[in-house]
Amino acid sequence: MKILFVYNPVAGQLQIKNHLWSIINYFCSGDIELTVHATQENKDAYKVVKKQAGKYDKIICCGGDGTLHEVVNGMMETGSSRVLGFIPAGSVNDFATSLNLPRNMEQAARLAMEGQPKSIDIGKFNDEYFTYVAAFGVFTDIGYITTQEMKNLLGRLAYFFQGVKSVALMKTYRVKIRHGNEEFEDEYIYGMVSNTVLVGSLYKMPNQDVQLDDGLFEVTLIKAPNDLIELGSIGPYLLTGKGDNDLVKIFKTNSIEVIIDEQIPWTLDGEYGGNPKTVKIEVIEKALNLIYQE
Ligand SMILES: [Mg+2]
């Protein structure tokens with residue numbers, strides 16, 4: 001079997017450094033032809049996988065959500081039906097939590113090598129792909145939050161709601177949504193299209209039975225609150241997933257169009273996703289064979 005192992009040496013504060021020797025040693029213990037690539041810069045994982053994926057039976061990547069995002073984009077663009085294994089590095093891996101991947105790197109490597117691949121849906125965001133989340137609004141441009149903990153998207157959102165002292169200062173966006181035969185428009189502070197059971201450990205999709213291979217992603221839209229009481233109701237709702245909240249609308253989709261009246265940054269899998277005014281998101285059902293545990 002030919003395996004391409006792509007790892008981000010600096011992910012999670014150089015976390016792989018102390019495990020690399022044993023992981024590579026383990027990968028080479030069977031009848032394996034192994035190629036190892038340490039990413040050198042942003043987009044490197046994407047470029048290498050796009051160019052090389054066709055030559056290998058399996059791709060294993062190690063890094064954060066951003067590295068996974070690049071590898072998935074590379075695989076999707078080659079139309080590769082190859083198997084992908086993922087060894088999460090870093091203290092926050094939103095999606096890895098949802099995939100039940102071991103926190104221990106050697107155990108994750110073992111799973112990537114021996115586990116059974118399962119098909120998983122992938123999102124298309126205009127011309128780019130994403131694995132588990134595309135989002136805009138409030139916290140996506142809170143650049144000053146740099147701790148690892150707060151890189152967790154919804155952790156940031158909860159943090160944001162705790163920190164806001166005035167709704168008047170809150171940035172809102174005029175957003176038009178086209179979904180099926182429906183079209184609606186309102187003032188929103190946040191929007192997210194996701195395919196993940198958990199986003200970090202804080203947020204559970206309220207009242208949703210999330211499946212990673214059902215051809216559907218969950219849409220979460222949060223309307224602009226009118227006062228601090230309304231605002232204060234959002235955080236607890238997102239954190240507990242219990243009850244209802246008039247400001248928070250959640251539904252499933254396989255295709256949605258989001259039109260915002262200004263250019264604002266989107267995040268794709270926690271990375272910067274550009275600032276298009278019109279975004280068309282489609283779910284590509286069972287697009288990838290990923291090794292994960294349910
Ligand atoms: Mg789904």
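Miscellaneous remarks
- Among the protein heavy atoms of the range 2-115, carbon and sulfur supply 47% of the accessible surface, probe 1.4 Å, non-protein parts ignored.
- Largest GNM mean-square fluctuation across G243, G12, G137, computed for the chain with C-alpha springs under 10 Å, falls on G243.
- Counting only DSSP H runs of at least 4 residues, each contributing -39500 (n - 2.57), and dividing by the residue count of the chain, the helix-based mean residue ellipticity at 222 nm comes to -7500 deg cm²/dmol.
- DSSP beta bridges confined to the chain are antiparallel in about 75 percent of cases.
- Taking 29 Å as the limit for the C-alpha separation, the pairs K171/K280; K223/K277; K171/K252; K43/K249; K17/K43; K2/K118 exceed it in the case of K43/K249.
- Centre separation in Å (Cα based) which lies between the range 210-234 and the range 15-56: 37
- Centre separation in Å (Cα based) which lies between the range 238-294 and the range 165-186: 14
- Å² of accessible area per residue within the range 2-115, as computed with a 1.4 Å probe and no ligands counted: 43
- Taking the range 2-115 and dividing mean pair separation by its residue count, relative contact order in percent (alpha carbons under 8 Å, at least six apart): 31
- Over all pairs of different C-alpha atoms in the chain, the reciprocal of the mean inverse distance, the Kirkwood hydrodynamic radius, equals 19.6 Å.
- Two-decimal Rg/Rh across the range 2-115, once Rg and the Kirkwood Rh are taken from alpha-carbon atoms: 0.92
The values are calculated or read from the model by the stated rules, or taken from the named source; none is laboratory data. These numbers were taken from a predicted model, which means no experiment stands behind them. Heavy atoms of the whole protein, side chains included, go into the accessibility calculation; ligands, DNA and RNA do not. Shrake-Rupley method; radii C 1.70, N 1.55, O 1.52, S 1.80 Å.
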